[in-house]
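Please read the structure below before turning to the comments.
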Amino acid sequence: MARLNSAQQIKTIRVHEDTGSGPPGDSSVLFSRSRAADFDRETDLVGVFLNQARRFAREPMLWRKVDGTYTPLTWAEVEVRAVALANALRDHGIEPGDRVSLVSENRPEWIIADLAILMAGAVVAPCYVTNTVADHLHVLDDSGAKAFIVSTAKLAPRALEAASQAHETPVIIAIEPLPRHQNTGLDVLAWDDLVTRYRGRPRPPTVSAIEPDDLCAIIYTSGTGGTPKGVMLSHANILHNCRGAYALLKGIGLGKEVFLSFLPLSHSYEHAAGLHFPISIGAQVWFAEGLDKLATNMQEARPTIMTAVPRLYETMRTRVLRGLDSQSEGKRKLFWRTHELGLKRYHHPDRLTLKDRVVDAVLDRLVRGKVRKRFGGRLKAMVAGGGPLNVEVGLFFHSLGVPILQGYGQTESSPVISCNVPGRVRMHTVGPPIRDVEVHIAGDGEILVRGGNVMKGYWNNEKATRAAIDADGWLHTGDVGVIDEYGCIQITDRKKDIIVNSGGDNISPQRIEGLLCLEPEIGQAMVYGDKRPHLVALIVPDEEWLGRWKAKSGKEGDLPALAEDPDLRKAVSDALGRVNAKLGQIEKVRRFMIAPEPFTVDNDQMTPTMKVRRHVLRAEYGQRLEALYGG
């Protein structure tokens, strides 16, 4: 890729020192009296863990539900099990640099497996639990995995079928016992047997041989644009992210932190922010039982830090507003007055009168205190990433005392590039770059990134690597944005997702989709119209709203049966009209179709982090969307 010229280098920002308080570059201030690792001395992720395990040996580290009660594993016990599994991997032929795949729901064994793989000098190549046989096979064959760790009998059939078809048949390690019929033709080892047999052995020699630039993970992209590519991340890459995250968050008073893990650990976001970062700051990790039990688990774990994707916030906002409908008029007035004052404090803090401040303080106890309790009551930061957070949704929670920090990144940057700073949130942005990351806005608006967080490249794909990282080390993100006067990045769209209509106008579909999904009638939406005279949309009605609408209207049938119902279309059309009233002429959605099913991970229309797979939806609905332009 060609070198950037001066015309392309529109604006550059770089954060060299800590984003919080303290003398610039004073590592004693940064790390003293802290549970955090000494990032100035640590060189690999295994070293970070082992030093933390020595410091906090008897303290709880990982919590999971056992027979209805959260039960901990201590740092010392996690180390014992990880060392045992590392020795088992070595004895079963895993050499330094070999790849080991892993498919599991979030649980303590996921983290233990990751640490064990690294201790063996190997590289983790995680798979999503939603992967098809073909998806698993792609990861196994592309990475050349020599072992495959599988958690449950439910996940085993697709994993084992892929393993049996792989170019190199991997050794299978089953975390839970598998039925006999699932073991046919493959060498399946039992996790518990290995941990018991190798328990007590010393750390393998590979532990002390790890170099900062060694690969620690090959994480496959979620496939929003096609075939997943394997992103090569080193120990130094992820440590760079951990250090940047610590510099960003230390201002909130980091101590004995508690994370609640529910985003898939197979995704780079949770792999760094929900696994290695908590280890690096001596935190506990509690594992949620699932999205459906997240609210209950928040009450049990009472997390201090959480990571989440925008879709979760959108869903939670909808539930809060629906719950408000059943409250008395007086409580509703208090709620909206709290929201109003919260927004005023955000937008115009200098205009808060003495009366405003007194009322706001009272409402903080009466209203915000109850909202905070729904999140466990001690949340210090809830970091939003993995996609664009609608500003209205972010401000809704911010006004109610939920400390949302919108960040930005991608797998290729380990993954964090930037994040809003506690106490200095600019909700329409994704904040300034984290420590020691440079950002350029190129002449065409693309965001370019350079720093220790940038990947080593794509596994087995030098052509794609050259297209992503230029000769000067700049990662071309494919995202379009600007840098504001405060040094914060504002993302306007994905370069590939921008719609160019037949009049040559550039239109951001994500902004319009975000506004559509704020309407109570609309659960999901995809805007369409490249090279066409105007926009059309594919819309999925909100499931709960649809249930109430059916009860009220006396309609029967499922979504496929109702997709063409004129009364349902009228209700959705009214919602569309409200959104169109807020949009410019070229942004208005002129026609729409109702999808016969929601966009889900199971039908491959969404990624595991809840991002729409546009190419899949275009392939499925393209002809019907094109038909909306006829007549």
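The values are calculated or read from the model by the stated rules, or taken from the named source; none is laboratory data. Treat the numbers as computed from the prediction; the structure is a model and nothing was measured. Note: ideal-geometry Cβ built from the backbone for every residue, glycine included; neighbour counts use all protein chains shown.
How about the range 133-231: which strands (runs of 3 or more DSSP E) wholly inside it have at least 3 residues that are closer than 16 Å to residue 120 by Cβ?
147-150, 215-220
Do any residues in the range 508-530 that are at positive phi have Cβ atoms under 7 Å from those of residues that are part of a loop (DSSP other than H, G, I, E, B), where the two are at least six apart or on different chains, and which pairs are they?
529/501
Scanning for something more than 20 Å from the chain's Cα centre (by Cα) and under 27 Å from residue 128 (Cβ atoms), does the range 236-259 turn up at least one residue?
Yes; the residues of the range 236-259 include at least one that is more than 20 Å from the chain's Cα centre (by Cα) and under 27 Å from residue 128 (Cβ atoms).
Looking at the range 544-557, is at least one residue over 25 Å from the mean Cα position of the chain (by Cα) and part of a strand (DSSP E or B)?
no
Might you check whether a residue that is buried (at least 19 other Cβ atoms within 10 Å of the Cβ), at pLDDT below 90 and either in contact with a His (Cβ under 7 Å, 6 or more places away or on another chain) or under 30 Å from residue 129 (Cβ atoms) (or both) occurs anywhere in the range 591-601?
Within the range 591-601 (the criterion being buried (at least 19 other Cβ atoms within 10 Å of the Cβ), at pLDDT below 90 and either in contact with a His (Cβ under 7 Å, 6 or more places away or on another chain) or under 30 Å from residue 129 (Cβ atoms) (or both)), the answer is no, since none of the residues qualifies.
Checking residue 206 against (1) of a type in the set (Ser, Thr, Tyr); (2) at pLDDT below 95; (3) more than 20 Å from residue 271 (Cα to Cα), which test does it fail?
Only one criterion is unmet by residue 206, namely (2).
Hey, could you check the range 62-86 for residues that are crowded, with 19+ Cβ neighbours inside 10 Å and of a type in the set (Gly, Ala, Ser) and say which is nearest to residue 115 (Cα to Cα)?
Here the answer is 82.
Where the second residue is at pLDDT 95 or above and aromatic (Phe, Trp, Tyr) and the first is assigned by TED's automatic domain parsing to the domain that holds residue 148 and lies in the range 67-91, which pairs have Cβ atoms under 6 Å and are six or more apart or on separate chains?
70/63; 72/63; 75/56; 84/198; 87/198; 88/198
Inspect the range 585-595 for any residue being touching a strand residue (DSSP E or B) at 6+ places or on another chain (Cβ under 9 Å) and under 30 Å from residue 220 (Cα atoms) and give the result as yes or no.
The answer is yes; a qualifying residue exists.
From the list 335, 375, which one is modelled with pLDDT under 95 and of a type in the set (Phe, Trp, Tyr)?
Matching residue, one of 335, 375: 375.
Yes or no: the range 94-106 includes at least one residue that is in a helix (DSSP H, G or I) and either touching a strand residue (DSSP E or B) at 6+ places or on another chain (Cβ under 8 Å) or surrounded by 24 or more Cβ atoms within 10 Å (Cβ to Cβ) (or both).
no
Between residues in the range 119-131 that are assigned by TED's automatic domain parsing to the domain that holds residue 217 and closer than 13 Å to residue 82 by Cβ and residues that are part of a strand (DSSP E or B) and among the β-branched types (Val, Ile, Thr), which pairs lie under 7 Å by C-beta distance while being six or more apart or on different chains?
That search, which allows pairs on different chains as well, returns 122/100; 124/100.
Examine the range 577-585 for a residue that is at pLDDT 90 or above, within 25 Å of the chain's Cα centre (by Cα) and not in a helix (DSSP H, G or I), and state whether such a residue exists.
The answer is no, given that none of the residues of the range 577-585 is at pLDDT 90 or above, within 25 Å of the chain's Cα centre (by Cα) and not in a helix (DSSP H, G or I).
What is the number of the single condition among (1) at pLDDT 95 or above; (2) surrounded by 18 or more Cβ atoms within 10 Å (Cβ to Cβ) that residue 353 does not meet?
Here residue 353 clears every test but (2).
Would you mind finding the one in 611, 588, 582, 552 that is among the basic types (Lys, Arg) and either surrounded by 22 or more Cβ atoms within 10 Å (Cβ to Cβ) or over 29 Å from residue 500 (Cα atoms) (or both)?
Only one candidate qualifies: 552.
Part of a loop (DSSP other than H, G, I, E, B) and surrounded by 13 or more Cβ atoms within 10 Å (Cβ to Cβ), is that true of residue 572?
For residue 572, the condition - part of a loop (DSSP other than H, G, I, E, B) and surrounded by 13 or more Cβ atoms within 10 Å (Cβ to Cβ) - is not met.
Looking for something among the hydroxyl-bearing types (Ser, Thr, Tyr), at pLDDT 95 or above and in a helix (DSSP H, G or I) - is there at least one such residue anywhere in the range 272-289?
Checked the range 272-289: at least one residue is among the hydroxyl-bearing types (Ser, Thr, Tyr), at pLDDT 95 or above and in a helix (DSSP H, G or I).
Can you tell me which residues in the range 172-196 are surrounded by fewer than 20 Cβ atoms within 10 Å (Cβ to Cβ) and under 13 Å from residue 90 (Cβ atoms)?
Hits for the range 172-196: nothing passes.
In the range 316-331, what count of residues is obtained for those that are at pLDDT below 90 and either within 12 Å of residue 263 (Cα to Cα) or assigned to a loop (DSSP other than H, G, I, E, B) (or both)?
Number of matching residues: 1.
Does residue 472 qualify as being of a type in the set (Asp, Glu), in a loop (DSSP other than H, G, I, E, B) and in contact with a strand residue (DSSP E or B) (Cβ under 8 Å, 6 or more places away or on another chain)?
Here the answer is yes, as residue 472 does meet what is asked.
Under 6 Å by Cβ, and 6 or more places apart or on different chains, what pairs join a residue from the range 204-222 that is of a type outside the set (Asp, Glu) with one that is at pLDDT below 95?
Between residues of the range 204-222 that are of a type outside the set (Asp, Glu) and residues that are at pLDDT below 95, the close pairs are 219/268; 219/411; 220/228; 221/228; 221/229; 221/411; 222/607.
Can you tell me which of 383, 402 is among the β-branched types (Val, Ile, Thr) and in contact with a Ser or Thr (Cβ under 8 Å, 6 or more places away or on another chain)?
None of the other options fit; the residue is 383.
Restricting to the range 232-263, count the residues that are assigned to a loop (DSSP other than H, G, I, E, B), surrounded by fewer than 21 Cβ atoms within 10 Å (Cβ to Cβ) and either among the aliphatic types (A, V, I, L, M) or not assigned by TED's automatic domain parsing to the domain that holds residue 140 (or both).
So the answer is 1.
Starting from residues that are assigned to a loop (DSSP other than H, G, I, E, B) and in contact with a helix residue (DSSP H, G or I) (Cβ under 8 Å, 6 or more places away or on another chain), keep the ones in the range 458-469 and report whichever is surrounded by the most Cβ atoms within 10 Å (Cβ to Cβ).
459
Among the residues that make up the range 264-271, is at least one of them under 28 Å from residue 230 (Cβ atoms), part of a strand (DSSP E or B) and in contact with a strand residue (DSSP E or B) (Cβ under 8 Å, 6 or more places away or on another chain)?
no
Considering only residues of the range 290-315 that are of a type in the set (Gly, Ala, Ser) and in a helix (DSSP H, G or I), which is surrounded by the fewest Cβ atoms within 10 Å (Cβ to Cβ)?
It comes out as 295.
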